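**Q** Starting off with a structure, shown below.
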Amino acid sequence: MNVLFCEIPNPLLYNVFIPQPRVAHCMDCVDTYIIIYGGVAWGNVVCNEMWIYDIFKCLFVKYPLPSYVKKRCLYSAICTFGSVIYIFGGTSYPLGRDMTNKLLSFDVYQNKWVDMSKNCKLTRNIVPKMYRASISYHGGFVYVISGIDGKQHLRTVYRYCTKSHIWSEIQLQSDISHPLSLTYLTTFKNRLYFINNPDLSPIQFSHVRAYDPSNSTWCIMTSESATNTFPENRVGECMAFYGRYGYLSSGKKPFWVNNGTQVVEDHSKSVYLTDVWRIDLDTLEWKNISNVLSVLI
């Protein structure tokens, strides 16, 4: 197999305490490790690094990124399977100026980068360079859904076979369109669930998209709530999944104003949110658990 390996001889040598504050990064977890990839820090400094935090040792380890994705690690997509991290796409700063369609993998126990795209000569012709995509691993494939190519939102689905190393575009077999762009994606009961769908309803968390890889179709399901309340519309929220549950927190409600030439955000009036919600993927029921957590704390 013609793939590119990048050995890290002693990753502890790269440990410099903790990551600096950043945005436009992506995160996931493998076993007892938390992964932070890329992003941009204060002063528009691109973070050409991946940090892995060991929750038992309380230790951060920093890994430099391979040269072929340096400066293009903003709004990359990440997912994990077993001990392997998969990372796709990304852009430089300013956004959309220099992008990549590389698919990388990194085994947290072998400390080794692999350029998965290197063996596929047709990658450039099949998969456009993009950022803000969503990816998920399922059944030996890495699915890349939606994204931005620097000019427009891509309503597409691509998949990479980890055995044959072949990219292919999946043709939609339903009338329901692909989601617009980056949202939180998880695999549950052999379907890929998209939780945040602002194009389906004025209440962006009131509907869930689910993609069935077996027949390349989407379905739309209505979320439930015993109190008839849902998470407020927001941007920049965080979400994590464990078992049948998804947990949503934080984010911002931007306040938009027209300055006479364009619509811009008035940061002084934007509201930062601190609430915590849980969705049951079996029933699609939302529950505000902020009060429960405050009592526990």
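The values are calculated or read from the model by the stated rules, or taken from the named source; none is laboratory data. Every value quoted in this text rests on a predicted model; they were computed, and no experiment measured them. We place every Cβ from the backbone using ideal geometry, glycine too, and count neighbours over all the protein chains shown.
**Q** Quick one: Thr183 ticks every box in (1) in contact (Cβ under 8 Å) with a residue 40 or more places away in the chain; (2) part of a strand (DSSP E or B) bar one, so which box is it?
**A** The single condition Thr183 does not satisfy is (2).
**Q** Quick check, is Ser214 surrounded by fewer than 18 Cβ atoms within 10 Å (Cβ to Cβ) and over 21 Å from the mean Cα position of the chain (by Cα)?
**A** yes
**Q** Based on what the data block shows, is Val127 under 24 Å from Tyr184 (Cβ atoms), in contact (Cβ under 8 Å) with a residue 40 or more places away in the chain and surrounded by 21 or more Cβ atoms within 10 Å (Cβ to Cβ)?
**A** On the way: under 24 Å from Tyr184 (Cβ atoms): yes; in contact (Cβ under 8 Å) with a residue 40 or more places away in the chain: yes; surrounded by 21 or more Cβ atoms within 10 Å (Cβ to Cβ): yes.
It is true that Val127 is under 24 Å from Tyr184 (Cβ atoms), in contact (Cβ under 8 Å) with a residue 40 or more places away in the chain and surrounded by 21 or more Cβ atoms within 10 Å (Cβ to Cβ).
**Q** I've got another one for you. May I ask you to list the residues in region 31-65 that are surrounded by fewer than 17 Cβ atoms within 10 Å (Cβ to Cβ) and farther than 14 Å from Pro21 by Cα? Outline the logic, then answer.
**A** At the first step, the residues of region 31-65 found to be surrounded by fewer than 17 Cβ atoms within 10 Å (Cβ to Cβ) are 31-32, 34, 41-45, 48, 54-59, 64.
Those that are surrounded by fewer than 17 Cβ atoms within 10 Å (Cβ to Cβ) and farther than 14 Å from Pro21 by Cα: Asp31, Thr32, Ile34, Asp54, Ile55, Phe56, Lys57, Cys58, Leu59, Pro64.
**Q** If you don't mind, there's one more thing I want to ask. Output the residue which, of all residues in region 265-297 that are over 28 Å from Phe194 (Cα atoms), of a type outside the set (Asp, Glu) and not in a helix (DSSP H, G or I), is modelled with the lowest pLDDT.
**A** Top of the filtered list is Ile297.
**Q** Conditions: (1) over 14 Å from the mean Cα position of the chain (by Cα); (2) more than 11 Å from Tyr131 (Cα to Cα); (3) surrounded by fewer than 21 Cβ atoms within 10 Å (Cβ to Cβ); (4) of a type in the set (S, T, N, Q). Thr80 meets all but one. Number of the miss?
**A** Among (1) over 14 Å from the mean Cα position of the chain (by Cα); (2) more than 11 Å from Tyr131 (Cα to Cα); (3) surrounded by fewer than 21 Cβ atoms within 10 Å (Cβ to Cβ); (4) of a type in the set (S, T, N, Q), the lone unmet condition for Thr80 is (1).
**Q** Next up: Quick check: anything in region 205-219 in a strand (DSSP E or B) and basic (Lys, Arg)?
**A** Yes, because at least one residue in region 205-219 is in a strand (DSSP E or B) and basic (Lys, Arg).
**Q** Still on this structure: Checking the condition in contact with a Leu (Cβ under 9 Å, 6 or more places away or on another chain) and of a type in the set (D, E, K, R), which residue from Asp199, Asp175, Asp149 passes?
**A** Asp199
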